[in-house]
Amino acid sequence: MDVFYKPMPRHLVELVPGMVTLFNVKTSKYTYVNKAIYKVLGYKPHDLIEGGSEFTHSIVHPDDLQFVLEKDSEALRQADRDKIYRTGSDPISSLEFRMRHKKGHYVWMHTDCIVYDRDEEGRLDHVLYIANDISERIESERKLRQRTEDLVDINKSKDEFVAIASHQLRTPATAVKQYLGLLLEGYAEPLLPDQRSFLEKAFESNERQLHIVDDMLRVAQLDLEKMNLRPVRTDIGGLVKDAAAALQGRLKTRRQTLKLSLPKTSAQAKVDPERLQMVIENLLENASNYSASGKEIELKLRHTAKKIEISVCDAGVGINRDDYPKLFQKFSRIANTRTNSVSGTGLGLYFSAKIVELHGGRIKVESAPGKGSTFTIMLPI
Amino acid sequence: MAKILIVEDEKALNEAYKLVLKREGHDIRVAMNGQEALKVFEDYKPDLMLLDLRMPKMGGLEVLEQLDAAKKHPQLKIIVFTNYDNQEEIDKAFKQGATSYILKAWSSPGDLVRVVNTTLKK
């Protein structure tokens with residue numbers, strides 16, 4: 001067997017910033033240590049050469065020592081048994097652990113162990129330990145982790161705030177609704193035409209306010225992962241029809257027509273009917289909002305043995321491709337001069353996408369600016 | 001005419017409900033929370049209870065539990081007040097004897113009257 005031996009170009013090794021040590025496996029002594037040890041650990045090369053592995057083990061952080069000893073001896077044993085020639089670029093172990101600086105503080109080290117040479121029988125003779133100070137990296141990773149945790153906490157308390165605030169807002173808004181209702185439903189004196197019309201306007205605003213509160217609550221619940229689906233076996237055709245029926249009134253006021261296309265065979269799937277219907281209604285509502293009055297909206301259901309597709313197709317203003325990613329973000333409203341009048345919370349699509357995702361599906365968007373858009377709910381069965 | 005107990009912590013709401021149900025000719029008592037409801041219930045013995053699920057001190061579910069409504073008061077009609085977002089609570093309330101529910105934010109006084117009258121006829 002070839003014996004691997006190549007003298008180290010020491011003048012170069014002295015220049016590298018990391019610690020390089022040549023270690024005799026049989027005697028557990030260091031035969032060479034470069035000057036970088038001063039900078040990294042505050043010791044002299046002589047300290048290691050004198051003290052051997054006993055010395056290095058004594059300055060490994062006590063919490064890391066067992067792990068380092070286990071991993072190191074396992075790697076050496078394995079490399080010794082292998083008797084395989086390995087090049088210097090292929091470490092037999094790479095470990096990260098803390099070592100105590102001469103001044104007392106700990107330094108995070110990344111240490112690669114590389115086979116240096118073997119004896120005539122191919123047994124391990126020397127290995128190189130190449131060690132670099134990675135304290136900065138570890139610290140920035142720790143800071144990043146901490147920062148992420150902080151942000152998660154802040155976000156959670158914000159979600160909780162939204163949930164509580166919405167609840168609080170709903171109660172007075174509900175009371176306003178009752179009293180407007182009392183007036184409009186004739187529980188007080190008969191109303192003059194102007195009084196009725198003013199009250200109806202107040203009623204509409206109150207309804208919108210309640211819608212916003214509900215949307216905010218739904219989203220806060222989704223974000224807090226408090227929303228659990230309640231899946232039951234559902235006739236999707238019936239669900240699509242229900243959603244269409246719920247939107248009839250709104251479409252009528254905007255003089256828009258709805259074309260409903262259902263398959264001949266019934267489509268059954270396990271879904272949360274209430275929430276999925278909300279999603280379909282939301283897509284229909286958007287289609288109506290972003291289409292001129294008098295236009296047609298198509299609601300189509302298709303299915304195969306494996307998937308269900310519910311698409312809402314409008315001939316409305318359309319969406320620029322650049323705006324696609326913004327569509328499903330919270331509170332995002334795409335700027336569009338023609339649709340400045342559209343009211344909403346900017347939460348509908350965010351909510352819809354989340355609900356569909358919880359069903360294991362996704363919402364696909366196809367659109368041509370000026371021609372219209374198609375939103376397709378794709379659900380696995 | 002029926003004896004109706006309204007259990008709702010929001011004064012503006014229970015006053016509105018009281019007003020419309022009185023107009024219908026019903027006899028009304030109001031409790032502001034669950035504990036009060038249990039006290040009133042004993043001597044009032046209502047035919048129907050309108051019960052808010054979320055209240056301070058004691059919520060609606062606990063009232064139903066304490067009364068053991070499903071077993072001990074099978075004649076009592078129970079309508080719970082709720083919002084769309086607590087479906088699980090509605091399910092629990094139904095298991096404990098509730099017969100209908102009203103989404104407060106989405107019902108007008110007229111809606112309430114209709115639900116009450118239909119429930120009483122059942």
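The values are calculated or read from the model by the stated rules, or taken from the named source; none is laboratory data. Everything quoted here is computed from the prediction, not taken from an experiment. Cβ atoms come from the backbone with ideal geometry, glycine included; neighbour counts cover every protein chain shown. Side chains included, ligands, DNA and RNA excluded: accessible areas come from the protein's heavy atoms. Shrake-Rupley method; radii C 1.70, N 1.55, O 1.52, S 1.80 Å.
Data overview
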read-out: Angle in degrees between helix A:273-289 and the longest Cα principal axis of chain A, rounded to the nearest 10; value: 70 degrees
read-out: Residue order for A:LYS241, B:LYS57 - accessible surface, 1.4 angstrom probe, largest first; value: B:LYS57, A:LYS241
read-out: Environment charge of A:ALA202, counting only residues whose C-beta is closer than 12 Å and scoring Lys/Arg +1, Asp/Glu -1; value: +1
read-out: Helix-only CD estimate at 222 nm, as mean residue ellipticity for chain A, using -39500 (n - 2.57) per DSSP H run (n ≥ 4); value: -15500 deg cm²/dmol
read-out: Estimated translational D of chain B in µm²/s (Stokes, Kirkwood radius over Cα pairs; 20 °C; 1.002 mPa s); value: 154 µm²/s
read-out: Kirkwood hydrodynamic radius over Cα pairs of the range A:142-197, then Stokes diffusion coefficient at 10 °C and 1.306 mPa s, in µm²/s; value: 107 µm²/s
read-out: The protein assembly as shown: antiparallel DSSP beta bridges as a percent of all, rounded to 5; value: 70 percent
read-out: Residue-wise HN-Hα coupling along the range A:176-185, computed from phi with Karplus coefficients 6.51, -1.76, 1.60 (Hz; x: Gly, Pro); value: 4, 4, 4, 6, 4, x, 4, 5, 5, 8
read-out: In nm, spacing of pseudo-spin labels at A:ALA165 and B:GLN35 (7 Å Cα→C-beta vector); value: 3.2 nm
read-out: Buried accessible area, chains B and A (both chains, 1.4 Å probe, Å² to nearest 100); value: 2200 Å²
read-out: Accessible solvent surface per residue of chain A, calculated while the other protein chains remain in place, 1.4 angstrom probe, Å²; value: 57 Å²
read-out: Accessible area (Å², 1.4 Å probe, nearest 10) - B:PHE94; value: 90 Å²
read-out: Rel. contact order, % - alpha carbon contacts under 8 angstrom, at least six apart, chain B; value: 23 percent
read-out: Surface/4 of the Cα convex hull for the range A:112-226, nm²; value: 13.2 nm²
read-out: Sequence-separation-based contact order of the range A:198-274, relative, with Cα cut under 8 Å and 6+ spacing, percent; value: 43 percent
read-out: Cut-off 10 Å between beta-carbons: net charge of the residues surrounding A:TYR350, Lys and Arg +1, Asp and Glu -1; value: +1
read-out: Inter-centroid distance (Cα atoms) of the range A:143-222 relative to the range B:97-122, Å; value: 22 Å
read-out: Rounded accessible area of A:THR257 (nearest 10 Å², 1.4 Å probe); value: 80 Å²
read-out: Amide hydrogen neighbours beyond the local backbone of B:VAL80, cut-off 5 Å, H modeled; value: B:LEU51, B:THR99, B:SER100, B:TYR101, B:ILE102
read-out: Shielding of A:169-177 by partner chains, average beta-carbon count, 10 Å; value: 5
read-out: Estimated Rh, the range B:38-95: Kirkwood, alpha-carbon pairs, angstrom; value: 11.8 Å
read-out: Viscosity 1.567 mPa s, 4 °C: Kirkwood-radius Stokes-Einstein D of the range A:158-224 over Cα pairs, µm²/s; value: 99 µm²/s
read-out: Shape parameters for the range A:197-278, alpha-carbon atoms, Rg then Dmax in Å; value: 16.6, 49
read-out: DSSP-defined beta bridges in the range A:253-319 - what % are antiparallel, rounded to 5; value: 60 percent
read-out: Pair-distance profile P(r), taking every C-alpha pair of the range A:216-323, with 5 angstrom steps and integer %; value: 2, 11, 20, 20, 17, 16, 11, 3, 0
read-out: Rounded tilt (10° steps) of A:193-223 against the dominant C-alpha axis of chain A; value: 20 degrees
read-out: Surface share of carbon and sulfur [accessible, 1.4 angstrom probe, percent] for the range A:154-311; value: 54 percent
read-out: When the convex hull of its Cα atoms is projected in every direction, mean area for the protein assembly as shown (nm²); value: 38.9 nm²
read-out: Distance in nm between pseudo-label sites at A:GLU14 and A:SER140 (7 Å out along the Cβ direction from Cα); value: 3.2 nm
read-out: A:ARG137 accessible area, 1.4 Å probe, all protein chains in place, Å² to nearest 10; value: 100 Å²
read-out: Max mean-square fluctuation residue, GNM over chain A, Cα-Cα springs under 10 Å, options A:LEU76, A:LEU260, A:LEU210; value: A:LEU76
read-out: Over the range A:238-278, equivalent-ellipsoid semi-axes from the Cα gyration tensor in Å; value: 22, 14, 5
